[in-house]
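The values are calculated or read from the model by the stated rules, or taken from the named source; none is laboratory data. Please read all numbers here as calculations on a predicted model, not as lab measurements. Positions of Cβ are generated from backbone atoms using ideal geometry, with glycine treated the same way; all protein chains shown enter the neighbour counts. To get the accessible areas, we keep the full protein, side chains included, count just its heavy atoms, and leave off ligands, DNA and RNA. Shrake-Rupley method; radii C 1.70, N 1.55, O 1.52, S 1.80 Å.
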Amino acid sequence: MASTHIAGPYTRVAGLGRAVPDRVLTNADLERMVDTTDQWIVERTGIRERRILPEGQATSDLAAAAARSACQQAELPVTQLDALIVATITPDTQAPATAVYVQQKLGLSQIPAFDIAAACAGFVYGLGIADAMLQSGRYKCVLVVGAEILSRITDWTDRTTCVLFGDGAGAAVLTRAEAGQGQRLIDVSLGADGAHAAQLEIPGGGSREPTTQTTVEQRRHVVRMNGRQVFTQAVKNMSAAAATVLERNGRTTADVDVVFAHQANLRIIEGISQRTGIPLERFFNNIEKYGNTSSASVPIAMSEAVEQGRLKRGDLALLTALGAGVAWGSALIEW
Ligand code: ACO
């Protein structure tokens, strides 16, 4: 899915928002839960703490809060939205889509609301879909939310995965705008390779392995991952996706002001920096505070970067993400 639209109506990132739970789970807390150390986690991942949603709340609660904050930043009432996309691998329920719960929480009805499952690349996939919807002329204002409660699909007895994940939501309001207003989504590039599907999966609970007492006992409903293979795929494909979107828009790595790479592991981000030649200082990172929040990581980072003045008018922002599938996506935004 590609689009280069310099003149005329373009897709504008009119506002960004985020919502993270208050409760902090530190590496010291994890030391008391599994056989790990703060030093191991920091050295191998860059993560110091992550947020955990309290029981009783669900993905749609955080998604709706992030959505409201994005609309506020865009100075648009939520009633202006004419489509709602939620990227998540931790839906409230198996059915219906989490997006309809978000719709309800925002007090909306009638507008299309649906989920997409592209794991950590979900937000960038959402941008690509929203861009196509806006460019078709049939929609004027589309909300894309990346929201995950990964704490609910984490095996808290498995030290190789439980140190990585956290909860959070990030959102973007995309509008069909006239030239000259800034925050222009230049292009989105998406890809996937199912040959690597087994590297990261939640095997139980779907049509292949419906939930039974045995699947529960065997912990088939939590994340299973081959960390080393995912690591290699992440560095390779996020770097390649970044190169693709730059090249086809006649830009080089030297033109990039800020990189928003999926916050999976600081060492993965260092690998992307080395492979692409983009200096590490140009990457905006907040993994230390939130861990890996999957589809929420890129919009949370962008929202913080705007607030901190790290993403300024005229800057060229490069987004790159990869997740289970493997599925990946990259995007360019002229802020
Ligand atoms: N604390 C202490 N020791 C640990 C821990 C822990 N939390 N976890 C693993 N170890 C041990 C292992 O058991 C192993 O011990 P051994 O040598 O005695 O067998 C040793 O540490 C090294 O383990 P590796 O798996 O080789 O460690 P590695 O350096 O590869 O780091 C990690 C593991 C952090 C999971 C890394 O592979 C990684 O980040 N992979 C990417 C995974 C990821 O980001 N997934 C998220 C979803 S996909 C995405 O978002 C892109």
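Observations
- Computed from phi, the 3J(HN,Hα) profile of region 54-62 under the Karplus parametrisation 6.51, -1.76, 1.60 (θ = phi - 60°) reads x, 4, x, 9, 9, 3, 5, 5, 5 Hz, with x in place of Gly and Pro.
- Full extension of the chain between Arg138 and Gln181 gives 13.4 nm of extra length, using 0.36 nm per residue less the Cα-Cα distance.
- Spherically averaged projected area of region 251-329 from its Cα convex hull (nm²): 5.2 nm²
- Beta bridges per DSSP with both ends in the chain, % antiparallel, nearest 5: 75 percent
- Relative contact order (percent, whole number), region 24-71, Cα cutoff 8 Å, 6+ residue spacing: 34 percent
- Whole-Hz Karplus values for region 146-161 come out as x, 9, 9, 10, 5, 4, 7, 10, 9, 8, 6, 9, 9, 5, 6, 10 Hz, taken residue by residue from phi with 6.51 cos²θ - 1.76 cosθ + 1.60 and θ = phi - 60°; glycine and proline positions read x.
- Taking a Cβ cut-off of under 13 Å around Ile333, the surrounding Lys, Arg, Asp and Glu residues balance to a net charge of -1, with basic ones at +1 and acidic ones at -1.
- A simple spin-label model places pseudo-atoms 7 Å from Cα toward Cβ; at Glu75 and Lys312 they are separated by 2.1 nm.
- Using alpha-carbon coordinates, inclination of helix 266-276 to the longest axis of the chain, degrees: 40 degrees
- The accessible surface of region 1-133, taken with every protein chain in place and a 1.4 Å probe, is 50 percent carbon and sulfur.
- Heavy-atom surface analysis with a 1.4 Å probe gives region 187-279 a carbon and sulfur content of 48 percent of its accessible area.
- The Rg/Rh ratio of the chain, with both radii computed over alpha carbons and Rh defined as the Kirkwood radius, is 0.95.
- Percentage relative contact order, region 91-198, counting C-alpha pairs under 8 Å, at least six apart: 23 percent
- Burial order of peptide ranges 95-102, 232-239 (average beta-carbon count within 10 Å, highest first): 232-239, 95-102
- A simple rule links phi to the HN-Hα coupling: the Karplus curve 6.51 cos²θ - 1.76 cosθ + 1.60 with θ = phi - 60°, which for region 192-205 gives 7, 9, x, 4, 9, 4, 6, 5, 8, 7, 10, x, x, x Hz, with x for Gly and Pro.
- Label-to-label distance, nm, for residues given as Val24 and Val42 (7 Å Cα→Cβ offset): 1.4 nm
- Multiplying the residue separation of Glu31 and Arg68 by 0.36 nm and removing their Cα-Cα distance gives an extension gain of 9.7 nm.
- Nearest 10 degrees, 0 to 90: helix 122-135 Cα axis against the chain principal axis: 20 degrees
- Placing unit charges on the Cβ atoms only, positive for Lys and Arg and negative for Asp and Glu, gives the chain a dipole magnitude near 380 debye about its Cα centre.
- On a per residue basis, the convex hull of the C-alpha atoms belonging to region 136-198 measures out at 160 Å³.
- Kirkwood-based Rg to Rh ratio, region 25-118, C-alpha trace: 1.12
- Relative packing of peptides 58-66, 191-199 - highest average C-beta neighbours within 10 Å first: 58-66, 191-199
- Taking Cα atoms only, the orientation of helix 297-307 departs from the longest principal axis of the chain by about 50 degrees.
- Rolling a 1.4 angstrom probe over the protein heavy atoms with all chains in place gives the chain an accessible area of 42 Å² per residue.
- At the listed q of 0.13, 0.14, 0.17, 0.22 Å⁻¹, the Debye profile of region 107-247, built from one uniform point per Cα, gives log10 I(q)/I(0) equal to -0.77, -0.87, -1.14, -1.44.
- Cross-link reach list, lysines versus Lys312, counting only Cα pairs under 29 Å and skipping chain neighbours closer than eight places: Lys140, Lys236, Lys289
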